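Every number in this text was worked out from the coordinates using simple rules, so none of it is lab data. Please read these numbers as outputs of a predicted model, since none were measured by experiment. Neighbour counts run over all protein chains shown; Cβ positions are idealised from the backbone, glycine included.
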Amino acid sequence: MAEVNNNIGRYIYINDELENRAFQFPNNRIAVSSYSVPYFLKKFFLHHTFRLGYLYLFLIMILQFIPGLTPIGQFTTLGPLLVVLVITFVFQMFTTFQQQRHLDREVNGKTVTILKGSNFVDCKAYKLKPGDIIRVTNNEVVPADMILLATSDEENISMVEYYESDGETKFSTKNPLEFTSNLKEPRSLAELEAKISCSGTGVKPAQFKGQIHHDRVAEPVGYTNLVLKSSKLSNTKWVYGVVIFTGKDTLVPHGIKSKKTKLGRVERMTNHNFFMLLSLAIILAAISTVIFKIQVDNGAWYLFDFSAAYIGILFLTSLILYSGVICVTLYITIDFVKMFNLMFINNDLDGSRLFPKSAALVDELGQVAYIFSDKTGTLTQNQMIFKKCTIAGQISTMEECVEEMSALESGDSSGQMIFGNGEVQGGGSEPAKKLDDRYTEKLDFFMALLTCHTVSTEQDDSGDRFYKGSSMDELAIIRAAKEAGLTLNRRSSNYVNVTLMGNPHDFQIVEIIGFTSSRRRMSVIVRNPVTKQSILYMKGADEEIFMRLAPRQKHADSTISHLEVFGKEGFRTLCVGQRQLSEDMMFRWVNEYRAARSSNDLGAMQSLEVEMEQSLTLLGATAIEDRLQPGVPETIHTLRSAGIKIWVLTGDKLLTAMNVGSACQLIDEESMEILVLAENTEVECVATLNEFLGVANQRKLEGKKDIALVFSGANLEYLVASQSTKLQFLKLAERCRVAIGFRLSPQQKSFVVDLVKSNTQKVTLAIGDGANDIGMIENAHIGVGIIGQEGIHAARTSDYSISEFRLLERLLLFHGRNSYQRVTSLIMYIINKSVVLAMIQFWFAIYHRYSATTVFDPTTIAMYSFLFTLFPAIALGIFNRSTGSDQISKFPELYQDGQKLEQYNLLSFIINLGWAFYQSVCIFFIPVFMTRLGDIYSNGMTIDYYYQGVLIFTCMVITVNVKVMVETLTYTYLTACALIFSVASYFVWTLMASGFGLHITDFYKYELLAALYQSASFYLIIVLVVVVALTPEIVYKYVNRSYYPKKEDIAQELSKKTK
């Protein structure tokens, strides 16, 4: 049996499941914590705790179970509330199950290849255990932490691709264990008997250490042999590895990150309005209690003992009576309607169905005031084309580079190798010849580009070589170099094989200093295979290169002017430099750098990088074109016309960002005041900020709002250094219709979004396509991911996903606006019908000495919201639409209604309450005045409270159902069916409640219903109530539409005329 040594983190026995079983290693299932049952229950109840209506109804439910306190029965709140919560729970469980199934299928259910016996077979990823040998093929994601045993590469190396925490893609080379590197066949792997002792869980990957024990020999295992879960194999046909960490034990956490719950602005306002409704219920209960006491004091004071306890009981009884002011089905109806609106989005927009999304924010899509957009891959196609370059102060097109390099290759220097001093070495005893300086400079330039990159080479089934890499810029450069006759053949961790002037050569890679979003540059130290000269090549952002140049660069000024030309043309630019290194200096530096890296001394690494990356010789710069996606200018124009402020946040330089802004119609130098914050010091930045703020205020006074703000990442650090400058920056930003941030890191993008979101009351939306956009996507109120060249990382973590930027117009202006209008109309309607019910109870109290007695059957009250008025409300929230899809580009200004909350604000809420008060008066007093108590109806029975109660309730059900037709803008047969079904269900219920003569309830006696339904006055009163209650609101809407039309009304009329 396995023996445990406490000094070792863990033992793994290769090909020995029985021995490994003793350690009880976890399987490889990733815990999707958001969807575990305990977490789901916690999240479900916590989310509904924020819904204040449920808290209020829960309190009422408790009060109803106090004996003698409730006037409307003990189950009128509990029954519907439980049904609603159960339905909501089941609905959300179903939605969650759909999301979990998708994630399980994507992660845990992925098929992997595992060694069983002497053959590789397929199995599910979650079944992997430490000790299993697996095979990973090219471009496949590694399913668990593993130690490399063998690789298809002849030199026993492999490349893996992984993501840094900032979203940047990195490449790393890995090596198999020396002992197992020759085990290329499954049979030899099956016969492998060895034990691995290594670091335990929780160790940092870079500090991972261990040993492999075989044949009484122990060999070291280290980080270079370790491949982490979720890495992707690159540039290698296959590798074999033994699994060492699985599931929750993996060295880098890979559980699905649970999203924080985002509460929409409409739902927050609904919570605030519930305070007003609760206040209304308390006021009504207090009035009933006070008036009842006054009446008793003036008449029957001797019948009651008005102690404080009795007054409190009477108040609580009245509060229960008026509890219907908050509808128990409000939230479930909202959720149901939002789900249908999400279905409309998924069925309409390309890319939106690939990842299950939440419907909670569909109404927020109709209120967006700020859009924060990435540039590359979001506005542009992320398909780079090498167009031009500047070398030694001269601009060359790609075609000119091809011609010059072709001429060099066909000349008599063919077959020769370049020295660092511009000489070529001939074959045999031929003497070195001096090349033309122009050719030498071009060769140096392209040599830097061919070695300083992360591109790997691969071959397809036909043997043709193609390039693969995470940087589209680097791919464009390598392809361009190939056209010029300088071909990248192969890249490994130790060398780069390139073809120069017709002959292949191996350049040794001594060390690499990788690119990061904060460094914005990459460096590589290579050794020339003939001269043995060590050279540092660097490429990166122009300011990063220029600040590291040696003094007196003769081509610096011309290169700067060329960069300005490239920027104005909208090209992405990279500068290139080199530095000749002495052998002593190079060896010392490499040893110190590797020592600092192995000890994870970041400070020492940064100091050494500064030491190495200086005194550069400028070689030139590249100009790469990244074309806009189709429809981007038109989409941005429409979104701006809709009143949405658009911020483009990019890592590109100023001129490139400005040119793209002009190309996509974001900025216009002729009609806009463009304010550029790109100062060198904090003092200058703050002074310029104050100056620009004065300019913006002046233009606002003049009524000119077309201002564009352009700011750099460096200046952003100055602007947020203090609270005062931060607020000034926000004031300036609010005055501007558009903004462009350039040279921003992913963290700065996320910070900008959070800054605006936290300090304004506006809805923000962030859109991007890459892993480096995830921060700002998660920080915004709404995150939209584009499925593009950089993969699906942004789409997976976003709230909504689309395939192209142009679809954002339809997502917001059509689906977003419709969802906002539907949800707010639904909420206003439900509040209206709930207040009508509560107020009728209050009016009845006048006739019953405010004694907290109900005029309605308690069970029927529960069915009022749950059945008799539910389906027309759902139809209103699903099918109502004010404008068609063909009008969104014609009338984008209509979108501003949602930004300003014109349909759902305090004023509209109060007006809605006013209509509810008036309609409750009509519904109650018209039947009461037209049917006097004590009158005899046709079958000889006397008109009593039961008769009036049934008549009033019938008028209320029909009136609030017909009111849906008043609120509806788009009529469908389903809307009519919902109305008919609701009214019919009420009449069927009354017959069922009567028991057809069995006298189940006092309210719905069979004789009473027979007298009512056979009476012409019954139907006359209903018609009269509906007409009187709803006509003023119809007239009000007509007058507003005819004499004070809104933009929406005008657009509807114009659309009618064009049809």
#### Entry: Whether segment 536-651 is rounded, prolate or oblate, judged on the alpha carbon gyration tensor where a/c under 1.5 counts as rounded
oblate
### Message
Suppose the chain between ASP886 and GLU1007 were pulled fully straight at 0.36 nm per residue; how much longer would it get relative to their current alpha carbon spacing?
### Response
37.9 nm
### Task
Could you calculate the FRET efficiency of TYR847 with ALA286 from 1/(1 + (r/R0)^6), where r is the beta carbon distance between them and R0 is 25 Å, rounded to 0.05?
0.85
### Message
Run the simple label-point estimate for VAL921 and LYS900 please: 7 Å along Cα→C-beta, distance reported in nm.
### Response
3.0 nm
### Task
Round to the nearest 0.05 the FRET efficiency obtained for ASN156 and VAL610 when R0 = 30 Å and r is the Cβ-Cβ distance.
0.30
### Pairwise label distance in nanometres, PHE929 with ARG21, each label 7 Å out on the Cα-Cβ vector
8.7 nm
### Message
Under a crude label model (7 Å from the Cα following the beta-carbon direction), how far is LYS1037 from VAL720 in nanometres?
### Response
4.6 nm
### Task
Mark the label point 7 Å from the Cα of SER662 along Cα→Cβ and return the residues of segment 674-713 whose backbone N is within less than 20 Å of it.
674-678, 706-712
### 3J(HN,Hα) from dihedral phi, segment 443-452, Karplus parametrisation 6.51/-1.76/1.60, rounded to Hz, x for glycine, proline
5, 4, 4, 6, 5, 4, 5, 6, 10, 9
### Calculated FRET efficiency for the pair GLU178/LYS127, C-beta based, R₀ 35 Å, to 0.05
0.70
#### Entry: Additional length obtainable on full extension of the chain from VAL217 to LEU1020, 0.36 nm per residue less Cα span
278.9 nm
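If each residue of separation counts as 0.36 nm, what is the full-extension length gain between SER671 and ASN503 once their alpha-carbon separation is subtracted? Each step should come with its number before you reach the end.
Numbers: separation 168, 0.36 × 168 = 60.48 nm, distance 5.60 nm.
Contour length minus Cα-Cα distance gives 54.9 nm.
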